[in-house]
Every structure is written in C-alpha cells, then in structure tokens.
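I'd like to ask you about the structure that follows.
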Amino acid sequence: MRYFLELAYHGRDFAGFQVQLNAHTIQEEVEKALAVFCKIPISLTGSSRTDAGVHAKQNFFHFDTELELGPKQLYNLNAILPKSIAALSLRKMPDDAHSRFDASGRLYKYYLVSSKSPFFNDRAWFYPYPLNLDALNEVASSILGKHDFTSFSKRNTQVKTMECNISRSNWAYEGNLLVYTVQGNRFLRGMVRGLVATMLRVGRGVLTVEGFSQVLAAQDCSKADFSAPPHGLFLEQVLFPEGYFGNAE
C-alpha cells in the first residue's frame, strides 16, 4: 500500500531534505522514526527538495508498506520524531500516486525583517536597508511566465531543463515582515534565494529592472546574487491537481 506523509520542519539543524552521505537530513530522521514505529526499514521518496537551513510549512514523502496505517498513528510517529519535524497527515493513496511527479506546483515565501528581533533571527533575514517596494514588484512581475532560469541556479544542478513556469511573483508586507512570494511548476537549486538577493539589489537602486532582465537572459549564474541566507526561506505549500486527495483515506 502506498502512503503520503505530510510534514512541516524547521531546517536550521539539517543539511537539507534528501538523504546525503555523512549529513544530517530530514529524510534520514523520518526514515529512522518510521523504522522504529513500523519495525521494518521504510524507503521514502520526497516531493520537493529543500537546501540546508531551509524550512517547510508543508512538504511530502511517499512510501510503500504492507502495514495498515492511518491518521491515528500520527501521534506515535510525532512522539519519535525530533521537535524540529512534525508529521501533519498520513494518507493511503492509489498505488501509482507519486508525491514528486504528481505535484503541479510549489509555493515559496522568503521573509525579511528590517529591525532586530529575537523572534525572527532564525526565520527571517535581518535586512535593515531602505527598499523601493514598487521597484521590487516591477522586477518580480518580470519573471512571470516561462523562462530559462540558468542564471538563478547554483552550479552542478543535474536537471534535464532549466526552464520554469512562474505563475505568481510579488513582494508585500505582512505585519513588520517584508515577504517575497513565488509560485511555479518547479524550481532549480538555489533559485528562490538567487531571485531574492538579486531583486533586492533592484529594491536598493543598485541594479535596474533592465539590468535584472539582462542577468536573467545571460544564463550565467555568476551574474546573479546568491547572498540571501537559507533561514529566511520557507516552502509554504506543495500543490496538487484539484481533487487529488479526494479519495485518500
């Protein structure tokens, strides 16, 4: 039987989402917890990879087991998982359901705080510089649609295409936080942080909107700015087609 496990996590103490050699990851901790709970090894497939230090309010794994599992087991699983990881839901799915390939999009948010705060020092980038919000939104709208984002991908990204289709891209204040929201069908390694840091150069008047467009068109990651730290970035939501979970238990 195939199950989808929905998670949220604080990424500070992890080297990313996917299992890596000699690194502490989200997948490693969840597989360890499931092995304790199920008393057999469980192999997980992740929906969306996040880099070291990046948080998630929602992400998914899927796995197969002969055991009959349900929402009642969430309490037991959460008791085993570390405090920085929470299991949100457990659903039985059709045998061919795939948490990565069936996802139709991902929604990310990047948070900035302009004044020192003990409550956001590990969840928002302290950025005490004046910014032009209109310029930020002008440059954010320039990436809507389908583009080659080679310039905003870290090197050695092993994917078949660097093209992504962006359906939402905007900056807005949420209380005392400045938030960049971006939604697309897929994202490249380091892409959101590269977009954020390079757009902020436009917001500060260091780079023009036209200059940003030239960075995008160059398809050269040495032209972009990747200085935005990981702790300000959240994977907010993994999107699936409407009704996808309608028959899930």
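The values are calculated or read from the model by the stated rules, or taken from the named source; none is laboratory data. Please read all numbers here as calculations on a predicted model, not as lab measurements. Counting neighbours? That spans all protein chains shown, and the Cβs are built from the backbone with ideal geometry, glycine included. To get the accessible areas, we keep the full protein, side chains included, count just its heavy atoms, and leave off ligands, DNA and RNA. Shrake-Rupley method; radii C 1.70, N 1.55, O 1.52, S 1.80 Å.
Using a Förster radius of 30 Å, what is the FRET efficiency between F126 and R189 based on their Cβ-Cβ separation? Nearest 0.05, please. Display every interim value, and only then the final one.
Numbers: r = 24 Å, r/R0 = 0.82.
Given R0 = 30 Å and the Cβ-Cβ separation, E is 0.75.
Further question: According to a simple spin-label model (label point 7 Å from Cα along Cα-to-Cβ), what is the distance in nm between K39 and M162?
About 5.2 nm, to one decimal.
Continuing with the same structure: Structure shown: which of K39/K109; K83/K109; K83/K154 lie over 28 Å apart, alpha-carbon to alpha-carbon?
Working: K39/K109 37 Å; K83/K109 22 Å; K83/K154 30 Å.
Going by Cα-Cα distance, K39/K109; K83/K154 fall outside the 28 Å limit.
Please report the orientation-averaged projected area of the stretch 168-249, defined via the convex hull of its C-alpha atoms, in nm².
7.7 nm²
While we're looking at this one, here's another question. Show me, for the stretch 120-132, the HN-Hα J-couplings you get by feeding each phi into the Karplus relation (A = 6.51, B = -1.76, C = 1.60, θ = phi - 60°), rounded to Hz, glycine and proline as x.
10, 5, 10, 9, 7, 7, 6, 9, x, 10, x, 10, 8
What area, in nm² and to one decimal, does the C-alpha convex hull of the stretch 187-230 cast on average over all directions?
Details: hull surface 12.2 nm².
In nm², the orientation-averaged hull projection of the stretch 187-230 is 3.0.
Oh, and also: Where Rh is the Kirkwood radius over the Cα pairs of the chain, the temperature 20 °C and the viscosity 1.002 mPa s, what D in µm²/s does Stokes-Einstein return?
112 µm²/s
Something else about it: With n ≥ 4 as the cut-off for DSSP H runs, can you work out [θ] at 222 nm for the chain, using -39500 (n - 2.57) per run divided by the number of residues, rounded to the nearest 500? Please report the intermediate quantities before stating the final value.
Details: 5 runs with 52 residues, N = 249.
Rounded to the nearest 500, it is -6000 deg cm²/dmol.
In µm²/s, what is D for the stretch 130-210 at 10 °C and 1.306 mPa s, where D = kT/(6 pi eta Rh) by Stokes-Einstein and Rh is the Kirkwood radius from Cα pairs? Before the final figure, lay out each step's value.
Numbers: Rh = 13.2 Å.
Calculated translational D: 121 µm²/s.
Using a simple spin-label model with points 7 Å from Cα along the Cα→Cβ vector, what separation in nm is obtained for K154 and E174?
Taking the simple label geometry, K154 and E174 are separated by 2.4 nm.
Would you please give the residues with an amide H less than 5 Å from that of L177, counting only those at least 5 places away or on a separate chain, with H modeled from the backbone geometry?
none
Compute the accessible area per residue over the chain, keeping the other protein chains in place, probe 1.4 Å, unit Å².
On the way: 12470 Å² over 249 residues.
About 50 Å² of surface per residue is accessible.
Calculate, in whole percent, how much of the Cα-Cα pair population of the stretch 1-43 lies beyond 13 Å.
Numbers: 530 of 903 pairs.
Of all Cα-Cα distances in the stretch 1-43, 59 percent exceed 13 Å.
Quantify, in whole percent, the carbon and sulfur part of the accessible surface of the stretch 58-164 (1.4 Å probe; protein heavy atoms only). Could you put the intermediate results ahead of the total?
Numbers: 3100 of 6100 Å².
Carbon and sulfur atoms account for 51 percent of the accessible area of the stretch 58-164.
Now for a separate question. Test of understanding: in a Gaussian network model of the chain with alpha carbons linked when under 10 Å, which of G205, G194, G184 would top the mean-square fluctuation ranking?
Of G205, G194, G184, the most mobile in the Gaussian network model is G205.
Right, something else. Can you work out ³J(HN,Hα) from phi for every residue in the stretch 196-212, in order, using Karplus 6.51 cos²θ - 1.76 cosθ + 1.60 and θ = phi - 60°, giving whole Hz and x for Gly and Pro?
Couplings: 4, 5, 6, 5, 4, 5, 5, x, 8, x, 7, 10, 8, 4, 5, x, 4 Hz.
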